[in-house]
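Engineer: Once you've had a glance at the structure underneath, I'll fire off some questions.
The values are calculated or read from the model by the stated rules, or taken from the named source; none is laboratory data. Worth saying up front: this structure is predicted, and the values here are computed from it rather than measured. Reconstructed Cβ throughout: ideal geometry from the backbone, glycine too, with neighbour counts over all protein chains shown.
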């Protein structure tokens, strides 16, 4: 047993330990100036740090729709969707998401994090088996824990190990779920979607994909990686976000009427949260409408990704071969990540240093995030600053 003073002393020691290890975090106020520039520490700098892959947060039509609806509705939704929060913009957004993903229905959550937690808490029981990729996002990990299911973590994208786990364990459990990001947020890797689907068929399992970083960027009309691989909707549960390529905020699940009705009755992160503001909902619906016709921007993203990866590799930097707008620049430890990020900031470029616990202890990196407004000149400026 400890007293309150001992608790505060232990917390202080923990923060000091993080400082010594290069893991201390601070909030740095920023003022976005454009899709590629921000005011940071009093300077206008070029940044490769946002998840706004198609620059929709700055799109004039999306911003105009936000303003138009803000003038017609209350500032906040004032209640949960099941009470007063299902405004006309809410219903329109649900319809837009379902049409976009060619699904029967959809459910809109206050955040992508809430969408993952709510879906897992609603579907997974203590009698179930959950198999989770080692590099899944924290919201999937936390959803696993809330479910109280038996959780097994398989090595990143290792479908051989995943198959062995299913062969050894599947028969002991009511249901089995395979959890994966479709596009991993730090390393920019693409999940082995066809192989996971095959294992689901073999072992009578369901797969749940967090498409947060893939929606808008991949697939026909930007529907995501599940669409790009023509994944079977009877095998996969699709979770997405409104806060990245769509440029707004919030999360969603697109699927059958049965799935969506179940979430409306069971998802605590939906039932006990105030709905998103009407203006945000309307802006997201407008963004989804526009994104479906932005193949040129998607192609530009992939071309710039290939170019920058090639040039980084030629200069001796360690990165990945995936063609996605998330480009990791691997370093040895947290201190090196901070030093390199500071070096770039001195040169007028902001690229964030990613350190544990966001990544494993040996996975420190600088995360370069491209968006469709970046130019080859911007990439060249980054390469010159890296040296």
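Engineer: Are any residues in segment 11-42 farther than 18 Å from residue 339 by Cβ and loosely packed, with under 11 Cβ neighbours inside 10 Å, and if so, which ones?
Structural biologist: Of everything in segment 11-42, those that are farther than 18 Å from residue 339 by Cβ and loosely packed, with under 11 Cβ neighbours inside 10 Å turn out to be 11, 12, 13, 14, 27, 29, 31, 42.
Residue-by-condition table, conditions (1) closer than 30 Å to residue 78 by Cα; (2) touching a helix residue (DSSP H, G or I) at 6+ places or on another chain (Cβ under 6 Å):
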| site | (1), (2) |
| --- | --- |
| 279 | yes, yes |
| 289 | yes, no |
| 292 | no, yes |
| 299 | no, no |
| 355 | no, yes |
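Engineer: How many residues, within segment 165-184, are surrounded by fewer than 24 Cβ atoms within 10 Å (Cβ to Cβ) and closer than 15 Å to residue 148 by Cα?
Structural biologist: Number of matching residues: 4.
Engineer: For segment 240-254, which residues satisfy the criterion of being out of contact with any strand residue (DSSP E or B) (no Cβ under 8 Å at 6 or more places or on another chain) and surrounded by fewer than 24 Cβ atoms within 10 Å (Cβ to Cβ)?
Structural biologist: Taking segment 240-254 and keeping what is out of contact with any strand residue (DSSP E or B) (no Cβ under 8 Å at 6 or more places or on another chain), we get 244-249.
Result: 249, single match.
A quick yes/no check of all residues on (1) at pLDDT below 95; (2) surrounded by fewer than 22 Cβ atoms within 10 Å (Cβ to Cβ); (3) part of a strand (DSSP E or B):
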site	(1), (2), (3)
284	no, no, no
308	no, no, no
324	no, no, no
337	yes, no, no
373	no, yes, no
380	no, yes, no
384	no, yes, no
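Engineer: Where in segment 98-205 are the helices (runs of 4 or more DSSP H), entirely inside, with at least 1 residues that are over 25 Å from residue 250 (Cα atoms)?
Structural biologist: In segment 98-205, the matching helices (runs of 4 or more DSSP H) lie at 159-169, 193-203.
Engineer: Of everything in segment 209-239, what is more than 22 Å from residue 300 (Cβ to Cβ) and crowded, with 24+ Cβ neighbours inside 10 Å? Give them in sequence order.
Structural biologist: Matches in segment 209-239: 209, 210, 226, 238, 239.
Engineer: Here's a follow-up. Looking only at residues in segment 313-322 that are out of contact with any strand residue (DSSP E or B) (no Cβ under 7 Å at 6 or more places or on another chain) and closer than 30 Å to residue 222 by Cα, which one is surrounded by the fewest Cβ atoms within 10 Å (Cβ to Cβ)? Explain how you work it out, then say what you get.
Structural biologist: Our first condition is that a residue be out of contact with any strand residue (DSSP E or B) (no Cβ under 7 Å at 6 or more places or on another chain); within segment 313-322, this holds for 313-316, 321.
With the extra rule that they be closer than 30 Å to residue 222 by Cα, the set shrinks to 313, 321.
On the way: 313: 13, 321: 10.
The selected residue is 321.
Engineer: Hey, among 255, 224, 250, which residue is in contact with a helix residue (DSSP H, G or I) (Cβ under 8 Å, 6 or more places away or on another chain) and modelled with pLDDT of 95 or more?
Structural biologist: Only one candidate qualifies: 250.
Engineer: Mind checking which residues of segment 339-369 are farther than 23 Å from residue 54 by Cα, outside any loop (DSSP other than H, G, I, E, B) and within 21 Å of the chain's Cα centre (by Cα)?
Structural biologist: 365
Engineer: Tally time: how many residues in segment 60-75 are part of a loop (DSSP other than H, G, I, E, B) and buried (at least 21 other Cβ atoms within 10 Å of the Cβ)?
Structural biologist: Let us first name the residues in segment 60-75 that are part of a loop (DSSP other than H, G, I, E, B), namely 71-75.
Pick out the ones that are also buried (at least 21 other Cβ atoms within 10 Å of the Cβ) and you get none.
So the count comes out to 0.
Engineer: Further question on the same structure: Are any of the residues in segment 144-152 free of Cβ contacts under 8 Å to residues at least 40 places away in the same chain, within 24 Å of residue 188 (Cβ to Cβ) and crowded, with 20+ Cβ neighbours inside 10 Å? Let's see the steps before the verdict.
Structural biologist: At the first step, the residues of segment 144-152 found to be free of Cβ contacts under 8 Å to residues at least 40 places away in the same chain are 144-152.
Now drop any that are not within 24 Å of residue 188 (Cβ to Cβ), which leaves 144.
Now restrict to residues that are crowded, with 20+ Cβ neighbours inside 10 Å: 144.
Scanning segment 144-152, I find at least one residue that is free of Cβ contacts under 8 Å to residues at least 40 places away in the same chain, within 24 Å of residue 188 (Cβ to Cβ) and crowded, with 20+ Cβ neighbours inside 10 Å, so the answer is yes.
Engineer: Against the definition (in contact with a helix residue (DSSP H, G or I) (Cβ under 8 Å, 6 or more places away or on another chain), outside any helix (DSSP H, G or I) and either in the same structural domain as residue 263 (by TED's automatic domain parsing) or crowded, with 18+ Cβ neighbours inside 10 Å (or both)), how does residue 78 come out, yes or no?
Structural biologist: On the way: in contact with a helix residue (DSSP H, G or I) (Cβ under 8 Å, 6 or more places away or on another chain): yes; outside any helix (DSSP H, G or I): yes; either in the same structural domain as residue 263 (by TED's automatic domain parsing) or crowded, with 18+ Cβ neighbours inside 10 Å (or both): yes.
In short, yes.
Engineer: Further question on the same structure: Can you pull out the residues in segment 3-52 that are within 26 Å of residue 334 (Cα to Cα), in contact with a helix residue (DSSP H, G or I) (Cβ under 9 Å, 6 or more places away or on another chain) and in a loop (DSSP other than H, G, I, E, B)?
Structural biologist: Passing the criteria: 21, 22, 23, 24, 25, 36, 41, 48, 50, 52.
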